[in-house]
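Notes follow once the structure below has been shown.
The values are calculated or read from the model by the stated rules, or taken from the named source; none is laboratory data. Model, not experiment: these values are computed from the prediction. Note that we place each Cβ from the backbone using ideal geometry, even for glycine, and neighbour counts take in every protein chain shown. For accessibility, only protein heavy atoms count, side chains too; no ligands or nucleic acids. Shrake-Rupley method; radii C 1.70, N 1.55, O 1.52, S 1.80 Å.
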Amino acid sequence: MNRIFSGMQPTNKLHLGNYLGALRNWVALQGGYDSIFCIVDLHSLTLPQEPAALRRNTRELTAAYIAAGVDPSRCIIFAQSSVPAHSELSWILSCHAPLGWINRMTQFKEKAGKHRDAASLGLYSYPVLMAADILVYKATHVPVGEDQKQHLELTRDIAGAFNRAYGVDYFPLPEPQILGAAARVMSLRDGTKKMSKSDESDWSRINLTDDADMIAQKFRKAKTDPEPLPETVEALQQRPEADNLITIFAALDDCERQAVLDRFAGAQFSTFKTALSDLAVARLAPMTEEMRRLLADPGEIDRILRSGALKAAELANRHLAEIQEIIGILRP
Ligand code: AQP
């Protein structure tokens, strides 16, 4: 069976972009693949973290996976740090990744901003650890949002470089699965920027833990333009904020953008935003409720993570031993 691997960082709250761009697709895919879902806590160290918050966010993210429908009896759910083979393979792969490839990564440029020299080595080499996360399981498919496309291409390049260097056909070249119309959900404050956990304004995103009032307020305040909603999808081209809200509606309602426009063409944004809030609350509230229930029993979450880590480590360690054999590391 083909294998999927994907993960999210336990930083801040999950937002609608994480859900529509990735998590929801994991749930849909889990039956058809050998499925491994990771809480990538080591990745979150690339930016400063408060230790107690990191621990809390790790449990919260696990609860969010399960509340969204990722089934721990069918999938492996675990924390990246509990399987050291990720870090060891990351080192090995970093020795096969030319600097020129890493220098092209746009996410580093965006996150490091103007203070490039002050950015950590970890932030710079993040995509190599991501490649190791995927390749240590020999995953064949990686469901992610569109922002991760470049990192996935790098993973394929590194896998290919390793295979060529040793004359083997060891790593599969993993396919990105960028699915659905909402693969790139944009900020509610600026339709040209992606919705992001690290945006300093909480008004830019809908968090999965926002209550009905907060969701309604955030959509009400969301940036729009003065025109009523258009009749066709083509007319959304120069209207990024309108396009984003229509795309979110369509994704939450499992329909095409045109179907949303057929319903709301000519309406003012105030009318549309009320309908959008109601829909978002109806979709998210049961998940938020389930998350709250799961978080009331942190022992059970820890048990799921421990059990997932044992299964993940068995597979990862087997592959790491094979990789060590290929590259000539003596294992006396
Ligand atoms: N706006 C988005 N639209 C669609 N998909 C998205 N993803 C993230 N933002 C959007 C997808 O969610 C998964 C989580 O990846 P992550 O935890 O590594 O976070 P990230 O990609 O760095 O994006 P975040 O969550 O917004 O954090 P920051 O602020 O750090 O950039 C991935 O599959 C991602 O594609």
Just checking, does the range 270-286 include any residue being under 28 Å from G69 (Cβ atoms) and β-branched (V, I, T)? yes
Out of all the residues in the range 291-332, which are over 16 Å from S82 (Cβ atoms), assigned to a helix (DSSP H, G or I) and of a type in the set (A, V, I, L, M, F, W, C)? M291, L294, L295, A321, I323, I326, I327
Which residue is nearest to E146 (Cα to Cα), if the candidates are limited to the range 1-24 and must be open to solvent by 30 Å² or more (accessible area, probe 1.4 Å) and more than 9 Å from the ligand (Cβ to nearest atom)? R24
Filter the range 43-67 down to the residues that are open to solvent by less than 50 Å² (accessible area, probe 1.4 Å) and within 14 Å of the ligand (Cβ to nearest atom) and list them by number. H43, S44, T46, L54, N57, T58, E60, L61, T62, A64, Y65
Can you find even one residue in the range 277-291 that is surrounded by 15 or more Cβ atoms within 10 Å (Cβ to Cβ) and of a type in the set (D, E)? yes
Residue in the range 173-191 that is over 25 Å from Q30 (Cα atoms), open to solvent by 50 Å² or more (accessible area, probe 1.4 Å) and out of contact with any Gly (no Cβ under 8 Å at 6 or more places or on another chain) present: yes
Condition met for K149 (within 14 Å of the ligand (Cβ to nearest atom), over 15 Å from I4 (Cβ atoms) and of a type in the set (D, E, K, R)): yes
Can you say whether I102 is surrounded by 20 or more Cβ atoms within 10 Å (Cβ to Cβ), in contact (Cβ under 8 Å) with a residue 12 or more places away in the chain and not small (G, A, S), as far as the supplied structure shows? no
Looking at the range 25-42, which of the residues that are more than 8 Å from the ligand (Cβ to nearest atom) and closer than 21 Å to S198 by Cβ is most open to solvent (accessible area, probe 1.4 Å)? L42
Can you run down the residue pairs with Cβ atoms below 7 Å, 6 or more apart or on separate chains, where the first is in the range 248-259 and of a type in the set (K, R) and the partner is part of a loop (DSSP other than H, G, I, E, B) and at pLDDT below 95? R257/A181
Can you name the residue in the range 141-169 that is under 17 Å from the mean Cα position of the chain (by Cα) and of a type in the set (V, I, T) and, of all such residues, is farthest from E88 (Cα to Cα)? V144
